[in-house]
Amino acid sequence: MHLLVEELQGRWQLMFAALARGDDLPPGRRLRAEGMAEAAVLTGVADQDALDKAMDRIFREAFGRCLAEQFGDDWRSFSPFPEIPAVAHRAPVYPSTAD
C-alpha cells in the first residue's frame, strides 16, 4: 500500500474514532485529509472507489454501521468526493435566560 493511502487511512481512523467518542473534530483535520484523498486520485496512487470502500470500512469500525446506513445509499450525492462525511454529535443547548 502506498504511503499516502496509509497516512490517509490513519487520519480517517483518528477522525472517526474522535467523532464516535463525541469529541469535536477541527475542520483543518478533515480538510487536509480531503486534500490527501484528492491528491491520491489525481496522482494515480488510488481510485475514488477504493478510497470510498476503505473509508467505509474505517467508519464501520468506529460507529458499528456503514456510511450508507448512517447517511443513506446516496451519501455521495450530498458529500461529493473528496468530502468526508464527518458529522459531530449536536451539542446540548441550554437557555441562557429565563425566557
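Suppose only helical runs count, i.e. DSSP H with n ≥ 4. What mean residue ellipticity at 222 nm does that imply for the chain under -39500 (n - 2.57) per run, divided by all residues and rounded to the nearest 500 deg cm²/dmol?
Helix-only estimate at 222 nm: -19000 deg cm²/dmol.
So which trypsin sites (Lys or Arg not before Pro) in the stretch 30-87 end up in coil per DSSP with only 15 or fewer other C-beta atoms within 10 Å?
Details: sites: Arg30, Arg32, Lys53, Arg57, Arg60, Arg65, Arg76; in loops: Arg65.
Sparse-neighbourhood loop trypsin sites (Lys or Arg not before Pro): Arg65.
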>> Tell me the per residue accessible area of the chain using a 1.4 Å probe; a whole number in Å² is fine.
In response: 65
> Assigning unit charges at the beta carbon (Lys, Arg +1; Asp, Glu -1) and nothing else, what dipole magnitude in debye, to the nearest 20, does the chain show about its Cα centre?
Replying inline: 260
>> For percent of Cα pairs over 19 Å apart, one of (1) 40; (2) 44; (3) 48 was computed from the structure I shared and the rest are decoys. Which label?
In response: (2)
> Carbon-plus-sulfur fraction of the accessible area of the chain, 1.4 Å probe, in percent?
Replying inline: 53
>> Relative contact order for the chain: what percent, with Cα pairs under 8 Å and sequence separation of 6 or more?
In response: 35
> Relative to the longest principal axis of the chain, what angle (0 to 90°, nearest 10) does the C-alpha long axis of helix 3-21 take?
Replying inline: 20
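The values are calculated or read from the model by the stated rules, or taken from the named source; none is laboratory data. Everything numeric in this text was worked out from a predicted model, so none of it was measured. Here the Cβ is made from the backbone with ideal geometry for all residues, glycine too, and neighbour counts use every protein chain on show. Remember, those area values only see protein heavy atoms, side chains included, never the ligands or the DNA or RNA. Shrake-Rupley method; radii C 1.70, N 1.55, O 1.52, S 1.80 Å.
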